[in-house]
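What follows is one structure encoded as structure tokens, with my remarks underneath.
All of the numbers you see were taken from the coordinates with simple rules; none came from a lab. Please read these numbers as outputs of a predicted model, since none were measured by experiment. All Cβ positions, even for glycine, are placed from backbone atoms using ideal geometry, and neighbour counts span all protein chains on display.
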Amino acid sequence: MDKKSPILDVQGLRKSFGGLEVLKGIDLAVHPQELVFIIGPSGSGKSTLLRCCNRLEEATSGSIWVDGVDVLSRSTDINRLRQRIGMVFQSFNLYPHMTALGNVTLALRKVLKLKRDEADRRGRAALDDVGLRDKVDAYPYQLSGGQQQRVAIARALALEPKIMLFDEPTSALDPELVGGVLNVMRAMRKSGMTMVVVSHEMRFAREAADRVIFMDQGEIVEEGRPAEIFGNAKHQRTRTFLQNVLAG
Amino acid sequence: MDQIVANFFDLEVMARYLPDILSGFVLTIYLAVAIVLFGLALGLALAVVRAFQIRPLNWLIVFFVDLFRALPPLVIMIIFYFALPYVGVELGGFVAAWLALGFVLAAFAEEIYWAGILSVDKGQWEAARSTGLPFFRTLRSVVLPQALRLTIPPLTNRTIAITKGTALASVVAVPEILSQATAAQAFAANTSPLTMGAIAYLILFAPLVTLSRWIETRFAWRR
Ligand SMILES: Nc1ncnc2c1ncn2[C@@H]1O[C@H](COP(=O)(O)OP(=O)(O)OP(=O)(O)O)[C@@H](O)[C@H]1O
Ligand SMILES: [Mg+2]
């Protein structure tokens with residue numbers, strides 16, 4: 001395995017909502033340039049795991065380190081840390097009152113404090129990277145779902161994060177728009193981005209993932225290379241899940 | 001018919017009292033503008049403070065809002081003008097009317113802004129915070145612009161309704177349109193000044209009502 005220290009290092013992570021424990025001791029290390037795929041049935045805690053990593057959700061116990069910074073420490077400047085963790089949501093969450101460029105440059109100007117023209121330059125470059133050079137001035141309602149998701153990716157990428165977290169980035173898209181988003185993710189992987197992807201795009205996982213993790217009921221049941229998980233999973237739970245997904 | 005004309009449209013009486021009505025008109029505009037600026041600004045400030053979810057402050061805000069929404073504006077005005085002097089606070093009629101209606105507008109406006117803030121999708125907060133934007137910056141640059149758009153129609157209606165309450169200020173000796181008109185009517189023993197008062201109110205508020213219609217269509221919001 002990779003000798004370099006992990007970008008994301010999760011140990012013994014537990015999370016409860018009230019009396020309901022939805023993460024029951026998760027250990028996960030993601031190394032530089034790795035693409036880790038997380039699969040699992042609805043309610044297994046995939047989103048919660050991602051959201052704990054940038055503290056959109058407060059972990060109950062355990063430890064999370066991102067790029068050598070203790071995420072859960074009280075002395076950590078969470079806003080600085082979040083710049084280094086890009087997050088992409090199922091529902092895009094673009095700001096509807098801003099153009100594509102406005103969406104991408106808001107954090108550049110208000111968080112990184114770049115001057116407007118420098119922010120615009122970087123914002124345009126990020127939109128160019130996701131193939132939306134000609135949509136910089138479009139408002140979200142003027143864009144297709146796939147284009148909106150690519151703007152959302154550019155918004156995260158423009159901050160030059162160390163790691164990108166994707167929570168079902170293509171689940172809200174019409175089938176014919178999925179490919180465009182996956183192409184962007186392929187290009188990111190090629191350029192060396194470290195990525196954690198929660199998704200049901202099994203074909204994409206097979207082709208692009210370094211590792212596939214199967215979660216069920218708040219635990220990691222098993223993990224391995226895509227060929228191992230898809231071809232010959234050790235656990236019955238994994239096989240049942242895959243049968244259901246691939247059949248449906 | 002002649003009687004109606006003589007009583008409601010006596011041109012000689014109208015000409016004599018036109019200056020009084022005009023001065024009432026100007027004063028009413030001052031009062032209305034002061035109420036709107038103060039009420040909308042205070043309401044927004046309260047809603048923003050409320051967004052920080054600091055328990056004791058929230059209780060205070062909710063108490064203020066419910067109090068000023070529950071009391072009739074005339075009662076508040078009279079308390080400010082007639083009762084506060086007993087505790088050493090002399091406000092004067094204009095200030096009493098201004099603060100009374102300003103607080104009422106602030107209370108209603110706070111509720112409207114707050115509902116607007118709550119109606120913005122949680123995903124907007126999460127997306128902004130995940131890029132490192134701090135809480136207040138997210139509120140200001142991402143949430144409020146969307147919230148305010150939704151609040152403009154109800155806010156305009158509420159503002160017009162409360163600003164019309166400037167007529168109540170006649171009770172606390174503010175020489176605004178209505179008090180000028182009733183005084184003139186008593187002097188002249190003729191109701192034509194009231195006609196002029198009504199026309200003055202129309203001139204003042206009809207454009208506002210039209211404006212609010214325009215605003216409602218203008219800000220109907222594409223998603
Ligand atoms: N804010 C919350 N309050 C209470 N319970 C929650 C909250 N968020 C998630 N849960 C619960 O935690 C469990 C895990 O949810 P999570 O969203 O992480 O699952 P998931 O694996 O992402 O599922 P899906 O594939 O449907 O997105 C679920 O039982 C869910 O109901
Ligand atoms: Mg989920």
Counting only residues 5 or more places away or on other chains, whose amide H sits under 5 Å from the amide H of A:ILE85 once H atoms are built in the peptide plane? A:LYS162
With a ≥ b ≥ c taken as the square roots of the eigenvalues of the C-alpha gyration tensor of region B:26-177, please select rounded if a/c is under 1.5 and otherwise prolate if a/b is larger than b/c or oblate if it is not? prolate
For region B:143-157, Karplus-derived ³J(HN,Hα) couplings (6.51, -1.76, 1.60; θ = phi - 60°; whole Hz; x for glycine and proline) come out as 7, 4, x, 6, 5, 5, 4, 6, 8, 4, x, x, 5, 5, 4
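From other protein chains only, count the Cβ atoms within 10 Å of every residue's Cβ in A:94-104, then give the mean.
That works out to 3 on average.
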Compute the angle between helix A:175-190 and the longest alpha-carbon principal axis of chain A, please, reported from 0 to 90 degrees and rounded to the nearest 10. 90 degrees
Sort region B:127-223 into rounded, prolate or oblate with this rule: let a ≥ b ≥ c be the square roots of the eigenvalues of the Cα gyration tensor; rounded if a/c is under 1.5, and if a/c is not under 1.5, prolate when a/b is larger than b/c, oblate otherwise. prolate
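For peptide A:155-161, compute the average count of partner chain beta-carbon atoms within 10 Å of each residue's beta-carbon. Can you show the working numbers first?
Values: counts 4, 3, 0, 1, 3, 0, 2.
Per-residue shielding by partner chains comes out at 2.
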Among rounded, prolate and oblate, which fits region A:37-174 when a ≥ b ≥ c are the square roots of the eigenvalues of its C-alpha gyration tensor, a/c under 1.5 means rounded, and a/b larger than b/c means prolate? oblate
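Can you give the mean number of other chain Cβ atoms that lie within 10 Å of the Cβ atoms in peptide B:115-122?
Numbers: counts 0, 0, 0, 0, 0, 1, 3, 1.
Partner Cβ neighbours, averaged per residue: 1.
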Applied in sequence order to region B:29-37, the curve 6.51 cos²θ - 1.76 cosθ + 1.60 (Karplus, θ = phi - 60°) yields integer Hz couplings, x standing for Gly and Pro, of 5, 3, 4, 4, 4, 4, 5, 5, 4
Listed by chain and number, the residues whose amide H is under 5 Å from that of A:THR194, excluding neighbours fewer than 5 places away on the same chain and using placed H, are A:GLN33, A:MET164
In whole Hz, with x marking every Gly and Pro, tabulate ³J(HN,Hα) for region A:108-113 from phi via Karplus 6.51 cos²θ - 1.76 cosθ + 1.60, θ = phi - 60°. 4, 7, 8, 9, 7, 6
Amide H neighbours of A:ARG14 at under 5 Å, excluding residues fewer than 5 places away on the same chain, with H built from the backbone geometry, are A:GLY25, A:ILE26, A:THR60, A:SER61, A:GLY62
By how many degrees, between 0 and 90 and to the nearest 10, does the Cα long axis of helix B:55-70 differ from the longest principal axis of chain B? 30 degrees
